[in-house]
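Comments concern the structure below.
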Amino acid sequence: MPPEQSLKQRPKKKDLPLFPIFPELSADEASTYASGGIAWDSLSSDAERDAAISHFMGTVLDFRHRHGRHFPWQQTRDPWPILLSEVMLQQTTTARVLEKYRLFLEIWPDFRSMASVSLVDLLAAWSGLGYNRRALALRQTAIRSEEWGWTLPDDRESLLSLPGIGASTAAAIRCFCYDLRDIYLETNVRRAVLHWFFPDEEGVKDKRIEPILLYAAKRVDDIRQWYYALMDYGVLLARLVPNPNRRSSSYARQTAFKGSDREIRGRIIFMLTHQGPRDKVALMEALGSSDEARLQSILDALQAEGFIEERPASMAAENSPLYGVKK
DNA sequence: GTCCCGCGAG
DNA sequence: CTCGCGGGAC
């Protein structure tokens, strides 16, 4: 933790900016950015759609110009740091990603170095980000990148064939590495378009958002800056209005974490990564659990996914097998 | 409790 | 299509 964020020096609550992510932004100014939307389907001609998109683009780009966030992964076109950031940012907030991103690039500066890292070292470094399977996929994709000379291809099909890369991340690579005018639809972008062009509608499908993004992508001058701006604007809206993403057809409220298998998986990975192999009895003890069947099914899943392996029991006949991070 | 610059399996 | 998947911040 940087010293300026230490508990003692943290400002009193009343001194904190209203929008911590945009420190120079006042509530009054913020609210001017939140209004202005119009239902896309109410536009009946290309001229009207053109004008609406222009207004939208102007507002969003203006917001970034005045209050945009600037991240290190926005300063490069190298596919490795960009993929690294995109994968980390899948379900993890920017503030928490920043530190890990810098750490990873220091240790593993390119695809080639990531391709040869041991799983235990990788998981140890990943520790704290969550969704550990992302780390496995990242390494697998690094290994596969040798096919393209230790970089990533720019065509959608090849990108989608790589583990951990879906529609969103493939578009991110195409836009941010190769300046291609693709449809990059992630949560902040979705929020921005829903707020602006579907103000009073429930259950909006992504298929209806995509044409609007394509329309804008084709008109915009700098595709990278456009999507950075759209994400900044989406982050602003998250602080200003009830989450528009709840009106998306793909919205799903998340399940509780406390007491979930997810929590237990995370604790098992953490223990095996930081403390070495354990047998089932030791794991039960450490987890404070008495449900052996549940633990076994979680271990089976972790093994099937390639996180852990069963080590042969030691020569003493009664010893139970150890579980350790896969070699 | 809600969200986070999603992906993959079924 | 729906669901599981971490862990921290607010």
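The values are calculated or read from the model by the stated rules, or taken from the named source; none is laboratory data. Small disclaimer: the values here were computed from a predicted structure and weren't measured. FYI the Cβ positions are ideal-geometry reconstructions off the backbone, even for glycines, and counts take in every protein chain you see.
Results, tabulated for the structure shown:
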read-out	value
Some residue of the range A:80-94 being in contact with a Lys or Arg (Cβ under 7 Å, 6 or more places away or on another chain) and assigned to a helix (DSSP H, G or I)	yes
Residue check, A:L160 touching a residue at least 12 places away in the same chain (Cβ under 8 Å) and either more than 12 Å from DNA strand B (Cβ to nearest atom) or surrounded by fewer than 21 Cβ atoms within 10 Å (Cβ to Cβ) (or both)	no
Among the candidates A:A301, A:A252, residue that is assigned to a helix (DSSP H, G or I) and out of contact with any strand residue (DSSP E or B) (no Cβ under 9 Å at 6 or more places or on another chain)	A:A301
Residue within the range A:200-214 that is of a type in the set (A, V, I, L, M, F, W, C), outside any helix (DSSP H, G or I) and modelled with pLDDT under 95 present	yes
Output for the range A:37-53, where each listed residue is touching a residue at least 12 places away in the same chain (Cβ under 8 Å) and exposed (fewer than 14 other Cβ atoms within 10 Å of the Cβ)	A:A39
Qualifying residue in the range A:312-322 (condition: at pLDDT 90 or above and either near DNA strand B (Cβ under 10 Å from one of its atoms) or touching a strand residue (DSSP E or B) at 6+ places or on another chain (Cβ under 6 Å) (or both))	yes
Residues being outside any helix (DSSP H, G or I) and in contact (Cβ under 8 Å) with a residue 40 or more places away in the chain - total across the range A:109-156	10
Conditions (1) of a type in the set (D, E, K, R); (2) assigned to a helix (DSSP H, G or I); (3) within 10 Å of DNA strand B (Cβ to nearest atom): number failed by A:R69	(2)
Residue match in the range A:76-83 (condition: in contact (Cβ under 8 Å) with a residue 24 or more places away in the chain, within 16 Å of DNA strand C (Cβ to nearest atom) and of a type in the set (F, W, Y))	no
Residue satisfying condition, being at pLDDT 95 or above, within 15 Å of DNA strand B (Cβ to nearest atom) and not assigned by TED's automatic domain parsing to the domain that holds A:L302, within set A:L105, A:L180, A:L129, A:L138	A:L138
A:Y33 being part of a helix (DSSP H, G or I), more than 13 Å from DNA strand B (Cβ to nearest atom) and of a type in the set (S, T, Y)	yes
Odd one out for A:L240, checked against (1) of a type outside the set (D, E, K, R); (2) surrounded by 16 or more Cβ atoms within 10 Å (Cβ to Cβ); (3) in the same structural domain as A:L185 (by TED's automatic domain parsing)	(2)
